[in-house]
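Below is one structure, written out as structure tokens, with a few remarks after it.
Each reported figure results from applying straightforward, stated rules to the coordinates on display, with no laboratory input. A quick note: this is a predicted structure, and the numbers were derived from the prediction, not measured. Reconstructed Cβ throughout: ideal geometry from the backbone, glycine too, with neighbour counts over all protein chains shown.
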Amino acid sequence: MANQDVLTQHIGTIRKTNPVARIIGKVMIYVVLTVGALVSLFPFFWMISQSLMTLGETLQIRWLPAAPQWENYVEAWSRARFGEYFLNSTWVTLGTIVGLLITSILAAYAFARIKFPGREVVFTLFLATMMVPESVTLIPNLFMIRGQIIPWGNWNDTFWVLTIPFIANAFSIFLLRQFFQQVPNELWDAARIDGAGHMRFLTQIVLPISTAPIVTVILFAFTGAWNAFSWPLIVSGRKWRTLMVGLYNFVSEAGTETQLLMAGAVISLIPIIILYIFTQKQFTQGIATTGLKG
């Protein structure tokens, strides 16, 4: 270990005194980052390129279209009834986000700031649910919304069946709890002296300084609700069919209309990109600072 420490110090000294070594190191870092960026961007390039091709060109697996087929977007929008499905996805996503914020903020605050018997045990059980695959809970959730387990009627093809099962999740509670634990106890003491209770302390002090993790939860919730496919495919009918299920219209027994499927995928991706552009700073800050303490 001593020899290894000496070698590490010697290499560090060489890098500081040798400008060539520093330049080579920076070049290698930029090369690795560039390769990683290209690998990450290639699926987006392929999707956009395929969306501008004819069906024949997509079957030939070409890199670029001979002539961009912009009408693919118009046809995809009209054939898949994207206008109606886009509105459904918007309402479902907004309902899911609102419900998730209410449950996650209250539960995270209780786990972080309120001491009650069995708190750690209950929180551990919450975290354990993150290990359960979604496919395992699919059938029990289906029985519940059809009134076969809890007699509350049949919720098939309703707004509630697409939102209620997803208005709480362990990851959001964990993320917010870790940040709420970092709030200084001095703020709570000052609030108590001023006569504030937990709800006032939460709404007037904790939430205003927790913008970054809350935006992170919103972004993850938006992405999950907007891109949901298997659950809406099972429980939604003609009235509440969402955008992702609408993309399935381009898959038939005769084959997949790849150019229209990719055009629809690009359309469905635009809201997520716009949201991320406006929340990138808060999202990065929330991921970087959450969980450093507690």
Task: Extension gain, T223 back to F45 (0.36 nm per residue minus Cα-Cα distance, nm) - done: 62.1 nm
Task: Pair Y276, E134: separation of 7 Å Cα→Cβ label points (nm) - done: 1.7
Open item on the list: Over the chain, with a Gaussian network built from C-alpha contacts below 10 Å, which listed residue (A263, A191, A108) shows the highest mean-square fluctuation?
Closed with: A191
- [ ] Can you check what the net charge comes to around H198, using other residues whose Cβ is under 11 Å from the Cβ of H198 (Lys, Arg +1; Asp, Glu -1)?
- [x] +3
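Taking the Cα centre of the chain as origin, sum charge times position over the Cβ atoms of Lys and Arg (+1) and Asp and Glu (-1), and report the length of that vector in debye to the nearest 20. Mind showing how you got there, number by number?
On the way: 19 positive and 13 negative charges, 137 e Å.
With only Lys, Arg, Asp and Glu charged at Cβ, the dipole is about 660 debye.
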- [ ] Tell me the label-point distance for the pair E84, V121, using the 7 Å Cα-to-Cβ offset, in nm and rounded to one decimal.
- [x] 5.2
Open item on the list: Among Y30, Y248, Y276, which one shows the highest mean-square fluctuation when the chain is modelled as a Gaussian network with alpha-carbon springs under 10 Å?
Closed with: Y30
Task: Positive-pole candidate from F116, Y30, N156, dipole of the chain, charges at beta carbon - done: F116
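If you put +1 on each Lys and Arg Cβ and -1 on each Asp and Glu Cβ, how big is the dipole of segment 40-148 around its Cα centre, in Debye rounded to 20?
Values: 7 positive and 6 negative charges, 94 e Å.
Dipole of segment 40-148, to the nearest 20 debye: 460 debye.
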Open item on the list: Just to be sure I understand: with springs between alpha-carbon atoms less than 10 Å apart, which residue in V35, V122, V217 has the highest mean-square fluctuation in the Gaussian network model of the chain?
Closed with: V35
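Once the Cβ-Cβ distance between T211 and Q181 is put in as r, and R0 is 22 Å, what FRET efficiency do you end up with, to the nearest 0.05?
Working: r = 17 Å, r/R0 = 0.76.
It comes out at approximately 0.85.
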- [ ] For the chain, return all DSSP H helices satisfying: extent of Cα atoms along own axis at least 18 Å; mean Kyte-Doolittle hydropathy at least -1.0.
- [x] 2-17, 19-51, 82-113, 211-227, 258-289
